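Participant: One structure, as structure tokens, below. Some questions next.
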Amino acid sequence: MATQKDAEILIQLLRWSTEMGAEQGFAEIFSDDFKKEEASLANPAVGKVLTYCEAVGTLVKQGLLDRDLVNDFWLSSAVWDRLGPAVLRIREQTRESRMFENFEALANVGSS
């Protein structure tokens, strides 16, 4: 169950997303013009959103932030749907299977 501390962390994360420009990144990845098959880290919007999502996923994984609160507020699976193909390509290119793994685990609520 979420606590007051979880809520405070969530608010801090929202501030951070604004500071780093992730809001514009989210807007871009959900725009009609966004082609998820072509998304890459070369696109600053993709990089910002993935960085933000991995940070949130890591906090959840480490037990510092309540998973249910995060997924009640934010539909991480919808973001993964838009950026998952890019993450898989990045993993292949870097030969690093752990890239953005905490974001993926957060987005896959039923399997974690």
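Participant: Give the residue that is nearest to R67 (Cα to Cα), with candidates limited to residues of the stretch 83-106 that are in contact with a helix residue (DSSP H, G or I) (Cβ under 7 Å, 6 or more places away or on another chain) and among the polar types (S, T, N, Q).
Facilitator: This residue is N102.
Participant: So which residues in the stretch 56-111 are modelled with pLDDT of 95 or more and either among the aromatic types (F, W, Y) or on the phi > 0 side of the Ramachandran plot (or both), if there are any at all?
Facilitator: G63, W80, R95, F100, F103
Participant: If the Cβ limit is 6 Å and pairs must be 6+ apart or interchain, which residue in the stretch 11-26 that is in contact (Cβ under 8 Å) with a residue 12 or more places away in the chain and more than 13 Å from W74 (Cα to Cα) pairs with which residue that is among the aliphatic types (A, V, I, L, M) and assigned to a helix (DSSP H, G or I)?
Facilitator: A22/V49; G25/A45; G25/V49
Participant: Name every residue in the stretch 37-51 that is crowded, with 21+ Cβ neighbours inside 10 Å and not in a helix (DSSP H, G or I), in order of residue number.
Facilitator: Residue satisfying the conditions is A39 alone.
Participant: Next question. Go through the stretch 25-36 and give me each residue that's in a helix (DSSP H, G or I) and surrounded by 14 or more Cβ atoms within 10 Å (Cβ to Cβ).
Facilitator: Hits for the stretch 25-36 are G25, F26, E28, I29.
Participant: Would you pick out the residues in the stretch 1-24 that are assigned to a loop (DSSP other than H, G, I, E, B), surrounded by 13 or more Cβ atoms within 10 Å (Cβ to Cβ) and either more than 17 Å from the chain's Cα centre (by Cα) or among the aliphatic types (A, V, I, L, M) (or both)?
Facilitator: Residues of the stretch 1-24 that are assigned to a loop (DSSP other than H, G, I, E, B), as a first pass: 1-3, 21.
This time we only want the ones that are surrounded by 13 or more Cβ atoms within 10 Å (Cβ to Cβ), so: 2, 21.
Selection gives A2 alone.
Participant: Let me ask something else about it. Within the stretch 63-80, can one find any residue that is more than 14 Å from the chain's Cα centre (by Cα), surrounded by 13 or more Cβ atoms within 10 Å (Cβ to Cβ) and farther than 24 Å from M1 by Cα?
Facilitator: Among the residues of the stretch 63-80, not one is more than 14 Å from the chain's Cα centre (by Cα), surrounded by 13 or more Cβ atoms within 10 Å (Cβ to Cβ) and farther than 24 Å from M1 by Cα, which makes the answer no.
The values are calculated or read from the model by the stated rules, or taken from the named source; none is laboratory data. Being a predicted model, the structure only gives us computed values, none of them experimental. Counting neighbours? That spans all protein chains shown, and the Cβs are built from the backbone with ideal geometry, glycine included.
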